[in-house]
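Visitor: Let me begin by handing over the structure; questions about it come next.
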Amino acid sequence: MIGIKDMEEMPKGCCEFHKDTDMVLHCPLYNSCDKRTTIKVNFKPVNCPLVEIITCKDCKYNNENTCDLDGYGINDDYFCASGERKVN
């Protein structure tokens with residue numbers, strides 16, 4: 001597994017139009033991804049290789065730095081396969 005440092009949210013598609021800047025931004029894997037099947041803006045192929053990793057600081061199971069799933073203490077940068085983003 002590889003994480004992309006400082007990538008804060010999952011791209012909505014291979015390319016994404018930002019109305020505030022009138023710019024089209026591309027996914028970090030845009031030029032190298034063999035799963036990219038279309039150039040439609042804001043479209044993410046079903047076989048996209050990117051998956052979201054939820055760290056403990058953003059997980060709904062984080063209860064004052066203790067994991068509600070296993071009861072262990074956690075660090076904000078830890079993550080697990082069971083993590084789910086908390087709803088704000």
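The values are calculated or read from the model by the stated rules, or taken from the named source; none is laboratory data. What you see is a predicted model; the values in this text were computed from it and never measured. Note that we place each Cβ from the backbone using ideal geometry, even for glycine, and neighbour counts take in every protein chain shown. Please note that ligands, DNA and RNA were not included when accessible areas were found on the heavy atoms of the full protein model with its side chains. Shrake-Rupley method; radii C 1.70, N 1.55, O 1.52, S 1.80 Å.
Visitor: Residue pairs, Cβ under 8 Å, 6 or more apart or interchain, first in the stretch 13-35 and in contact (Cβ under 8 Å) with a residue 60 or more places away in the chain, second part of a loop (DSSP other than H, G, I, E, B). List them.
Guide: Listed pairs, sorted by first residue: none to list.
Visitor: Of all the residues that make up the stretch 28-48, how many are within 21 Å of Phe17 (Cβ to Cβ) and either among the hydroxyl-bearing types (Ser, Thr, Tyr) or under 14 Å from the mean Cα position of the chain (by Cα) (or both)?
Guide: Number of matching residues: 7.
Visitor: In addition: Would you check which residues across the stretch 49-71 are surrounded by 14 or more Cβ atoms within 10 Å (Cβ to Cβ), free of Cβ contacts under 8 Å to residues at least 24 places away in the same chain and either under 20 Å from the mean Cα position of the chain (by Cα) or closer than 19 Å to Ile4 by Cβ (or both) and list them?
Guide: Lys57, Tyr61
Visitor: If a residue has to be modelled with pLDDT under 85, part of a loop (DSSP other than H, G, I, E, B) and of a type outside the set (Asp, Glu) to count, how many in the stretch 1-26 make the cut?
Guide: Number satisfying all stated conditions: 12.
Visitor: Suppose the filter is open to solvent by less than 80 Å² (accessible area, probe 1.4 Å) and touching an Asp or Glu at 6+ places or on another chain (Cβ under 8 Å); does Ile74 pass it?
Guide: Criteria not met by Ile74.
Visitor: Now for a separate question. Of all residues in the stretch 65-84, how many are assigned to a strand (DSSP E or B) and in contact with a strand residue (DSSP E or B) (Cβ under 7 Å, 6 or more places away or on another chain)?
Guide: 3
Visitor: Continuing with this model, one more query. Being loosely packed, with under 15 Cβ neighbours inside 10 Å, under 24 Å from Arg85 (Cα atoms) and out of contact with any helix residue (DSSP H, G or I) (no Cβ under 6 Å at 6 or more places or on another chain) narrows it down to one of Lys40, Lys19, Lys12, Lys44, so name that one.
Guide: Lys12
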